[in-house]
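Data block below; observations after.
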Amino acid sequence: MNKEYLSDFETRLQDELLRLCTSANLLNGQLLASEDIDNRWHDLAPEYMADAVPQIRDYPTVSVAWAAYLGLAVAKGWDTDWERCSQANFQSYYGEQGFDDMDEHIVRDLLGLPLDGYEARALEDIIRRCAEASVTRIRHEHIEPQSPMAFHIFARACKVMYRLGAAIELKRLGYKFEKMDV
């Protein structure tokens, strides 16, 4: 596997989606992050991928988009009760219909936003736009479908979406980078 190629893909995609979220005023040109939140992806990714990969053919946008919702939820848990969040199993993010309505469960039940409210609609819009951009970027890579490289590119796109969701939630919660004099 060409790790340099995969890292370059991940960086280009992250930069593109960061610009998209900044233009929508959901981020300020910086990807807010926490090592705890980033490391949590490594715990949750295998089960996420097991649910998402079968969705790629029929629902390619959903298959990457739900990773952003997962990032939103983990960032919220990091802010409110990291002890519990860091131990939560992947299925705790499921909605009533499992993976299929995970997005609504996270927005309504974990973030506490009404699904028909402005914030929920803005999140849905930007996550959909970012997922569409991710799928387009993946397709432009001209990688053989169902190949090992296709899996790795998809996994990197999901990781970027997860980090993006986490950054959006951290900003929504009032976190920001500040310059400090030392």
Can you give the Kirkwood hydrodynamic radius of the stretch 71-182 from its Cα pairs, in Å with one decimal?
15.7
Trypsin sites (Lys or Arg not before Pro) restricted to DSSP loop in the stretch 96-182 with at most 16 other C-beta within 10 Å
LYS176, LYS179
Could you work out Rg/(2.2 N^0.38 Å) for the stretch 1-121, with Rg from alpha carbons only?
1.10
Would you mind giving the average projected area, over all directions, of the Cα convex hull of the stretch 23-82 in nm² with one decimal?
5.1
For the chain, what does -39500 (n - 2.57) per DSSP helix run (n ≥ 4), summed and divided by total residues, give at 222 nm, in deg cm²/dmol to the nearest 500?
-21500 deg cm²/dmol
Taking the Cβ of each residue in ASP81, ASP51, ASP103, ASP36 as the centre, tally the other Cβ atoms inside 10 Å and list the residues starting with the fewest.
ASP81, ASP36, ASP51, ASP103
Qualifying GluC sites (Glu not before Pro) for the stretch 12-117 [loop in DSSP, other Cβ within 10 Å: at most 14]
GLU96
DSSP loop GluC sites (Glu not before Pro) in the stretch 111-182 with at most 15 other Cβ atoms within 10 Å of their Cβ, which ones?
GLU141, GLU178
Partners for LYS176 among lysines (Cα-Cα distance below 28 Å; same-chain residues under 8 apart left out):
LYS76, LYS159
Lys and Arg at +1, Asp and Glu at -1: add these up for the other residues within a Cβ distance under 14 Å of PRO145 and post the number.
-1
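None of the figures in this text is laboratory data; all of them are computed from the coordinates on show. What you are looking at is a predicted structure, and each value in this text was computed from that prediction instead of being measured. Note that we place each Cβ from the backbone using ideal geometry, even for glycine, and neighbour counts take in every protein chain shown.
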